[in-house]
Every structure is written in structure tokens, then in C-alpha cells.
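Taken together, the values in this text are just the output of simple stated rules run on the coordinates, not laboratory data. Nothing here was measured: the structure is a model prediction, and the numbers come from that model. Heads up, the Cβs are rebuilt from the backbone with ideal geometry, glycines too, and the neighbour counts pull from every protein chain shown.
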Amino acid sequence: MTDERGDATPDGGAGAKAAPPSRPQQETWPSNDGLELSATVWPPSSAALRKPDVLCLAGLSRNARDFGALAETLAARGHRVVAMDYRGRGGSGRHPDWRTYSIEQEAADIDAGLDALGLARAVVVGTSRGGLHGMLLAWRAPQRVAGLVLNDIGPTIERAGLRRLSGAIGRRMAARDWNEAAERLKDALSGQFPALDNAGWRRFAGQLYSEAAEGLLLDYDARLANTLGEIDEETEMPDFRPVFEAISAVPLLAIRGALSDILSAETFAAMGERHPGARLHVVADEGHAPLLWDVPTQEAIAGFASDLR
């Protein structure tokens with residue numbers, strides 16, 4: 001089933017007059033091994049509309065800018081939104097030992113950030129790797145997760161998609177200018193996002209690249225590639241089915257890009273069957289991972305989050 005809620009409500013629903021956009025702020029906290037970590041925080045536009053906090057967790061090589069459009073929508077409806085940058089990405093520090101770019105260390109960093117930023121309980125929106133972290137957080141600390149939005153990730157990951165990602169991470173990091181950055185993304189990802197126009201590719205580049213002395217660079221440590229290694233037919237794939245089954249009491253909204261090569265249609269359907277009350281939402285003409293720019297997807301997330309406490 002597809003959930004595209006848009007009912008007008010007196011407390012800031014789709015039909016209510018939107019509050020002015022809130023100005024995002026940067027917050028930092030230390031990791032347990034001394035690295036400075038960063039998050040972008042959008043305060044709620046109106047205290048009168050205050051809703052549950054929202055924690056946004058990005059994909060493997062991505063950063064907090066992925067959630068800018070969604071965060072503005074949610075903040076306007078009374079949510080405080082916190083988008084964390086993992087170590088080695090975005091505004092967080094780069095560690096001299098790439099082996100710390102692990103799920104286990106990132107989980108410890110997230111827990112430290114929850115405490116430092118005062119997030120006792122939140123709705124978690126996790127894209128790809130961020131969704132794996134969302135599942136793990138709901139498993140180890142269910143009292144901290146009011147609800148979980150999984151953006152194009154599930155308990156089973158498709159080998160073909162992971163192989164595609166492993167062949168791209170850490171390669172061709174630099175671009176001369178924004179036009180080249182946008183063209184490079186279009187060449188690599190047009191099969192995943194066939195409906196994007198030139199302005200869309202430029203907007204996408206703005207989320208992935210940052211300005212540096214030598215031009216533009218993808219905003220992550222290239223050594224992330226070492227954490228994936230070679231993906232072939234013999235590679236053992238991660239299995240999150242036990243974790244997914246263990247968190248069946250946590251309210252769930254699952255999102256899939258219709259063209260995704262990471263989350264199959266079969267796994268997506270099974271998620272709805274195995275998780276009582278799950279809401280399912282499909283994004284047309286997008287693959288891995290949906291950009292969260294379109295109004296129906298933002299409405300699905302906003303409607304889900306506003307129903308939680």
C-alpha cells in the first residue's frame with residue numbers, strides 16, 4: 001500500500017499555513033576517541049506546534065545536506081530536526097584510521113550525539129546505511145525511537161546494488177566546477193534518477209560536493225572505499241532480518257524508490273507483511289536512494305511523524 005497523507009489539521013498539517021523556515025544551526029560533540037562530530041539542527045518554527053524530535057541519518061558516503069528540504073518541511077510543522085554527519089563525512093572530522101568508519105563505531109558516535117544534543121526520544125529517518133543504524137538503535141534502545149522511517153533499505157540488501165556502490169565510493173572525488181560535478185552525477189546515476197533535469201542534477205551536486213582549495217570534492221573521506229572492499233558472488237551479504245523482526249513493535253514507515261537496486265520489491269512487500277501496521281510508500285522514477293524532495297514523500301513522512309509521541 002502507498003501512504004501519501006495530506007489531511008489538513010489545525011496543528012500544522014498539510015492544509016495549514018506553513019510557518020517561516022527555521023535557520024539551521026551547527027552543533028558538535030566529541031566521540032569516545034576524541035574526534036569532533038557534527039550535526040545540522042533545524043529548530044521548530046513554532047513552539048506552539050511542537051512535535052516529536054526527528055533524527056536524520058544519511059547513507060554511507062552522504063551527509064546532513066541530504067535532508068535540507070525535508071527538514072524545512074518538518075521544522076515548519078513543529079519538529080526539531082537533527083541531521084548527523086558520521087565521522088569522515090560532511091562537517092565531522094576525518095579519522096587517521098579508516099577502520100573506525102565502522103557500523104559499531106558510528107553507533108557509538110550516534111549514541112554520544114543523542115546525549116549531547118538532548119535527543120531522549122526521536123522519530124528516526126534513515127537513508128540506506130542510516131536506516132541500518134535506525135534499526136540498530138531501535139533494537140538496542142527502543143525507548144529512544146518513537147518511530148522509524150526506512151528510506152530505501154531493509155533487512156535484505158541486494159548484491160547488485162551494493163556492488164554498484166562499492167565500485168563508485170572513493171573514486172573520481174574532484175570536479176573542476178559545479179557543471180562538471182552535475183554532469184558526472186548524471187553520467188553515473190541517470191539510470192537511478194531518469195526524471196531529473198539539469199537543475200535537479202545541479203541541486204544534487206550541491207548536496208554531495210563541497211568547495212575546497214583544489215576545486216570541488218565529494219564531501220567524504222575517500223578511504224570509505226576500504227570498508228566495502230570487493231563485492232562479488234562469493235561475498236557474504238549483511239543480514240538484518242533478526243534485527244528487523246526484533247523491532248516489530250516500533251512504528252514503521254518504509255519508503256522504496258521504484259527503480260531501486262538496493263531494496264527489492266519482494267523485500268519491500270515482505271517488510272509490510274512482517275511488521276504489523278507498517279506504512280509503505282513508493283517513490284516513482286527514483287532509485288537508490290529517494291531524494292526526499294517531492295511533496296508526496298515529504299507528506300508521507302510528516303504525516304507519520306506527527307502521529308507519534
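Working note: Debye formula, equal point scatterers on the alpha-carbon atoms of the chain, no solvent; log10 I(q)/I(0) at q = 0.15 Å⁻¹ is -1.28.
I want to verify the translational diffusion coefficient of the range 172-219 in µm²/s; compute it with Stokes-Einstein, Rh as the Kirkwood radius over Cα pairs, at 20 °C and 1.002 mPa s. Translational D for this selection: 203 µm²/s.
Sequentially through the range 137-151, phi angles give Karplus couplings (6.51, -1.76, 1.60; θ = phi - 60°) of 5, 5, 6, 8, 9, x, 5, 8, 10, 6, x, 10, 10, 9, 9 Hz, Gly and Pro residues having no value and appearing as x.
What residues from the range 129-150 fall in the zone where the backbone N is under 15 Å from a label point 7 Å along the Cα-to-C-beta line of Asp307? Only 146-150 fall inside the zone, counting backbone N under 15 Å.
Add -39500 (n - 2.57) for each DSSP H run of 4 or more in the chain, then divide by its residues: what number comes out at 222 nm, to the nearest 500 deg cm²/dmol?
Working: 10 runs with 98 residues, N = 309.
It lands at -9000 deg cm²/dmol.
Across the range 122-127, coupling constants 3J(HN,Hα) worked out from phi with the 6.51/-1.76/1.60 Karplus curve, θ = phi - 60°, read 8, 7, 9, 10, x, 9 Hz, and Gly and Pro carry x. Placing a label point 7 Å from the Cα of Gln26 along the Cα-to-Cβ direction, the residues of the range 90-106 with a backbone N closer than 18 Å are 90-95. With θ taken as phi - 60° and the Karplus curve 6.51 cos²θ - 1.76 cosθ + 1.60 applied, the whole-hertz 3J(HN,Hα) list for the range 261-271 is 10, 9, 10, 6, 4, 5, 5, 4, 5, 5, 4 Hz, x standing for glycine and proline. Over all pairs of different C-alpha atoms, the range 111-178 has a mean inverse distance whose reciprocal, the Kirkwood radius, equals 14.1 Å. Rounded to 0.05, the FRET efficiency of the Glu211 and Val243 pair, given R0 = 35 Å and the Cβ-Cβ distance, is 0.35.
For Leu57, the residues whose modelled amide H falls within less than 5 Å of its own, excluding neighbours fewer than 5 places apart on the same chain, are Val125, Gly126, Thr127.
Of all beta bridges that DSSP places with both ends in the chain, some 45 percent have antiparallel geometry.
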